[in-house]
Structure formats: C-alpha cells, structure tokens
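Visitor: Mind looking over this structure? Questions follow.
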Amino acid sequence: MRTKHKSIQKILYSHFIVIMLGMLCASAAVLSLIQYRNLRANAEREVEKTCAAIAEDIDMQISQMDTICLNAIHSTSVKSSFAAYINNTYASPYDRSRLKSTLANAITAIKGVDFSIRQINLYGFTGGSYGAGNYTGELYKNAPEQPWFEAAAGCHGHRYIPPAQTNSLFSESAGTESNRYYLSLYRMYYNEYMHPEGFIEVMKYYDILFRHAYAPNSSYDIHVAVYDSDGRLLFPLAGEKKAEQYFYFPHKSSESLEIFNPCENTREYVCFSEADYCGFTVAAAVDCAEFLTPVYQSLFWIIFIFLLLFVLCLIFANAISKKISAPIKNIYHFLSHMDPQQQFHEIRMEDSGIIEIEKLRASLNEAIRSLKNATDSMLLLREQELQAQMLALQSQMNPHFLHNSLLNIAAMAEEGLTKPVAQMCRDVSSILRYISSNKEQVSSVEEELEHCDLYLKCMKLRFGDSLQYEFDVDDSMLDLPIPKLCIQLLVENAAKFSTQISPPWHITIHGYIDETCWYIEVKDNGLGFDKETAQRLRCQMDRILQHGLLPSLELNGMGILNIFIRFYLIYGISFIFDFGTLPQGGAIVKIGGLFDEKTKPL
C-alpha cells in the first residue's frame, strides 16, 4: 500500500493537536463529572427541601384544624349548648332562637380569629346538627345518614379526614362559593359515661390548605401529590392536571429515586416527605429532562470553555508548527516553484538556528552555483550553435533568391526589355542588401512586406498584367516581429510555381489576428502541392519536432522546409505552420504564432 505523504507542518500540527486535544478532553471530563455531581446534588436538595416544606405546611394546618376540634370537644359550653339545642326541639320560637344564639356564640368563641377555618359543624350521634362559619344555622343533616359516619365512628374519637368535597349548604346567596372544595376533619366525642354523644367537623378551604402544593416555591415545575396514611390520594383533585397520571405512593419506601412514568412516557425524579402530625405523605416529582436542565446549562459553559481553549490550541499549534517547519517549507517551496527565468537564484532566508537546516541550505546553494556555471557554459555553446544554424539557413537564401532573380533578368533581356531590366537590377540590388545582412534574425512584418512588394514589382516588369498580387494585412500586425525573409521566400515560391500555368497569375498575402494568435497566409492560383511532395515535407517536419534533428537542405525545393526550421529554432514548438492545396486550385501556406497583450509572438 502506498503511503500518503504529508508536509512537515501538517505532521507537527496533527501531533500537537492530538496531544492538546487529549489533555483538554481529560480535563473537561473530570471537571464535568465534578460539576455534574455537585449541581445534581444541589438540585436534589432543592426538590427535597420544597417537598419537606409542603409537608410541614400541610401538617401545621391540619394541626390547627385538629386543635380547634379538640378545643370544641373539651368545651363544656359548646357541648352543653348543642345538647340543649337538639333536646329542646319543641321549645317556643323564642327559646329556640335563644338556644341558637348561645350555641353560635360558643362555636365562634372556639373558632376564634383563625379565618382559615371556614366552618365548624356539630352532629348529634342519633340526629340533629348545627353549624357556624360560612353558614350559621341548622344543617338539617343526621350523622348516621352521612357517608363519613361509619369511618369516623370507627376511629373511636381519633381524627378522621375524608377526601375533599363541596358543601351543598353553602350558596352564593349566603356570600360563599358553592363549588369551592373543603377539607373536613372529624372527631367523635363522648359524654361523662363514655358513651358516644356526637361528632365535630372542622372545615377548611381545600386550596388554602394545599396552597404550597399548588404553587411550590421552587425553580422547577414540580408535580405534587399528597396521600393519607392509607394511601388515598388527597391532592390533587380528580380532573386537575396530572391528578391521576401516576400513583407514586408505592415508592414511598425510598427517600428519593428515579422512576419511569408510563403515563407521561418520561423519567421522573421523585422524593417523599411524611408529615409528622397528620401522617400524610407528600410526593414531589420532577421530569428528569427539566430537573437536569440547570445541570446541562452549567455544563454548557464547560463545553464553551473547552471549545474556546481548543480554538486557542489550534491557533497555538498552527503557530508553533509553522515556525518550526518554516525553514524546511521555504526550501521546499523554493525547489518546487523555481522560475525558469530565476532558476539559479540561491536560497535566501533568515537564520533558523537549526544546525541541520543551515547545513542543508549551504549545500543546496553550492549545488545551485555549480549547476549555474555548467548551464551557462552549455547555453553559450547552444547559442553559438543556433546562431551558426540560422546564419547557414539565411545564407542559403541568398543564392536561392539570386538564382531566381538572374533567371528573370536573363529572360527579360532576351525579350529586349532594356528599361525593365535596369529597374529590376536596381530593385534586386536593394533586396540583396536586405537579405545579405546577417545582424538580425528577425524582422518586422512591415519591412518584410516592403521587400516583398519590391520583388513582386520586379516580377510585374517581366510579366505585366499577367501577374496580379494583393496585400491584405491588418495594420496592427505591421510591428509584429517574424523570422527574416519568411514572407519573401513564400512569395518567391508562389511566383515561381504559379507561372507554370497559363496566365493570369494571382498572388495574395493575407494577415489577420484573432483572440490568441496571429496568421499570415500566402496564396496563389498555381498547381498547388502534389501529394508526394506534401507527404515528404510533413514527414520531415514531424521528425524535426519529435527528435530536434535538422536535415541537410538543397537549393531546389528547400524554401518551405527552410522557413519551418527557422520558426522551430526561434520559437521551439509554439508556432503555427501549415500548407496545402486550395479547393479551387493553387497553393496556400499559413504561418503564425501566439499573440499576447503586447502584440508580440510568444
């Protein structure tokens, strides 16, 4: 399996990150565990404290109700007044009124200023009843007919507290609320012979008794349930929120625990508190998701600090790894991005203070200097060789042009064209002066076209109107540098081969530029290229491009290949060269190259 290579900075960076991340994760885990335990313990204590406070408040209020009930039992005036009232049913209205007033005063005296006690009712064991409070007067109820009678009598004088209920005797016309619930406490009392004589009922508003259960003083949404000693649900009332969703009482053996509530499909934390006086059991339940919300909120800050430290570690690791790997990275970047124009520049960087890196830099600079000396020597030899090849090719142009020109002058002399011969000799002299100069290897398009025009004028002196030529070159190309004599030679070949057919002869020089390249086309209406010559030339050109070996050239038929070789020597392979036969007949040769924003070939 091939190993994936990484930079030294990435390796150092990854190692630093792994080490720092491990240390941060371990620290965050330990801190989170400690924080979780502390916050959970505090949350549990808050719920347990709230549960105990509710139980204590209920116990206190039941104790107050029971105290008033016991005071009434031990009050001779209350019992004697009630006995007189129920035993004198046939007394006169005045006496009955007086007995009622005496009984009401006695009950009110027992009730005192405790306004939380809303009603005190007295029942005879066999019949008769009277009440004072929200409703004062005869109750028209017989104790044996009430649903609580047997249970209260079975307690033998101990308190009995049934579930809460409304009282139909209270009406809105009497200034009370008929639909308001009350909680009653019953005790049976005896006469001096220890025979049951009657019952005393102390009534209190249900919502006042369980006010803390309705609105627990806690930051959590606590669900409270209150059970009596027999496990009957006293709070909340049937129909109220979560009243019958889950029965917590069987779990009271545990002080606190987590249970699954199938009614809500949630896990809940439950704690219990038992009232000392009344024996009620208060259950406080909190949804674990909400119960642990403050814990998670606190842990959020740990995560935030962890992420912040991790980001700082990333920055620190990046800075350290970058500083340590910077010298090696500079050397690598220098070697990987060497500019061909500046490939022999030495590595320059600040002293790293690392012995190995300084030794490596010195060795590389020494190697670069040695390579530069060797390359300079090789380039000098190569330049001299190229110059010699170009001069040789260019020198071959002189006899080629001179051969064609002398043939034309001789033909014109035989025809007796004296003046045209003289004019042609002057033009040929000017052209020879241009092509014989070996100082420059390139010339401008404008200069090339001027000498092509001189040559074609010489040819026109001989052939007259039989020869027609046309220049169609963009003005933006006139300053474009091209190999010297390339257009001149193409025009000579076009004139030579087009005159081998019947006139008229037509030569066109067309130059244009597109978005990326420049082109010059030389066309004629001659015979064009035969297949054998075209195939031979293309094979020679392919071998030159593939192997870089230049063939020996001959005078006859060497013009096209000469131009191709000079383009190759000057531009390498970044040039355009094509030739062929036009569909309507005649030859076409196209030369060109890349064109940059400075209108120079690349």
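Visitor: Pairs please, first residue from region 188-210 and of a type in the set (S, T, N, Q), second anywhere and at pLDDT 90 or above, Cβ atoms under 8 Å, 6+ apart in sequence or on different chains.
Guide: Pairs found: Asn191/Glu197.
Visitor: Something else now. Anything in region 275-304 that is open to solvent by 30 Å² or more (accessible area, probe 1.4 Å), without any contact (Cβ under 8 Å) to a residue 60 or more places away in the chain and not aromatic (Phe, Trp, Tyr)? List them, or say none.
Guide: Result: Ala289, Thr293, Gln297.
Visitor: Let me ask something else. Do we find a residue being closer than 30 Å to Leu569 by Cα and surrounded by fewer than 17 Cβ atoms within 10 Å (Cβ to Cβ) anywhere in region 491-504?
Guide: The answer is yes, given that some residue of region 491-504 is closer than 30 Å to Leu569 by Cα and surrounded by fewer than 17 Cβ atoms within 10 Å (Cβ to Cβ).
Visitor: Does Leu545 qualify as being under 18 Å from Tyr571 (Cβ atoms) and open to solvent by 40 Å² or more (accessible area, probe 1.4 Å)?
Guide: Criteria met by Leu545.
Visitor: Something else: Tell me, which residue of region 170-189 that is modelled with pLDDT of 85 or more and touching a helix residue (DSSP H, G or I) at 6+ places or on another chain (Cβ under 7 Å) is surrounded by the fewest Cβ atoms within 10 Å (Cβ to Cβ)?
Guide: Tyr181
Visitor: If I filter region 242-260 for residues that are over 30 Å from Arg180 (Cβ atoms), open to solvent by less than 80 Å² (accessible area, probe 1.4 Å) and at pLDDT 85 or above, do I get at least one hit?
Guide: no
Visitor: Also, I was wondering about something else. From the list Ile54, Ile107, Ile86, which one is closer than 24 Å to Ala275 by Cα and not small (Gly, Ala, Ser)?
Guide: Only one candidate passes the filter, namely Ile54.
Visitor: Going through region 285-331 one residue at a time, which ones are charged (D, E, K, R) and either touching a strand residue (DSSP E or B) at 6+ places or on another chain (Cβ under 6 Å) or closer than 30 Å to Asn265 by Cβ (or both)?
Guide: Once the filter is applied, which keeps residues that are charged (D, E, K, R) and either touching a strand residue (DSSP E or B) at 6+ places or on another chain (Cβ under 6 Å) or closer than 30 Å to Asn265 by Cβ (or both), region 285-331 yields Asp287, Glu290.
Visitor: If you check Ile68 against the conditions, is it of a type in the set (A, V, I, L, M) and closer than 17 Å to Met203 by Cβ?
Guide: yes
Visitor: Are any residues in region 42-92 of a type outside the set (A, V, I, L, M, F, W, C), under 55 Å from the mean Cα position of the chain (by Cα) and crowded, with 22+ Cβ neighbours inside 10 Å, and if so, which ones?
Guide: Within region 42-92, Thr50 is the sole residue that qualifies.
Visitor: Farther than 30 Å from Met412 by Cα, open to solvent by 70 Å² or more (accessible area, probe 1.4 Å), among the charged types (D, E, K, R) and within 60 Å of the chain's Cα centre (by Cα) - does that describe any residue in region 521-533?
Guide: Checking region 521-533: not a single residue is farther than 30 Å from Met412 by Cα, open to solvent by 70 Å² or more (accessible area, probe 1.4 Å), among the charged types (D, E, K, R) and within 60 Å of the chain's Cα centre (by Cα).
Visitor: Same structure again: Could you please find all residues in region 43-65 being out of contact with any strand residue (DSSP E or B) (no Cβ under 6 Å at 6 or more places or on another chain), more than 20 Å from Gln297 (Cβ to Cβ) and acidic (Asp, Glu)?
Guide: Once the filter is applied, which keeps residues that are out of contact with any strand residue (DSSP E or B) (no Cβ under 6 Å at 6 or more places or on another chain), more than 20 Å from Gln297 (Cβ to Cβ) and acidic (Asp, Glu), region 43-65 yields Glu56, Asp57, Asp59.
Visitor: Something else: Determine which member of the set Asn217, Asn167 is in a loop (DSSP other than H, G, I, E, B), surrounded by 17 or more Cβ atoms within 10 Å (Cβ to Cβ) and at pLDDT below 90.
Guide: Asn167
Visitor: Identify, by number, the condition in (1) touching a residue at least 12 places away in the same chain (Cβ under 8 Å); (2) closer than 30 Å to Ile208 by Cβ that Leu39 doesn't meet.
Guide: (2)
Visitor: Name the residues in region 116-133 that are out of contact with any Leu (no Cβ under 9 Å at 6 or more places or on another chain) and farther than 12 Å from Ile68 by Cβ, would you?
Guide: Gly124, Phe125, Thr126, Gly127
The values are calculated or read from the model by the stated rules, or taken from the named source; none is laboratory data. Note that the coordinates shown come from a computational prediction; the quantities given were computed from them, not determined experimentally. Every residue, glycine as well, gets a Cβ built from its backbone with ideal geometry; the counts of neighbours run over all protein chains shown. Keep in mind that these areas ignore ligands, DNA and RNA; they rest on the heavy atoms of the full protein, side chains included. Shrake-Rupley method; radii C 1.70, N 1.55, O 1.52, S 1.80 Å.
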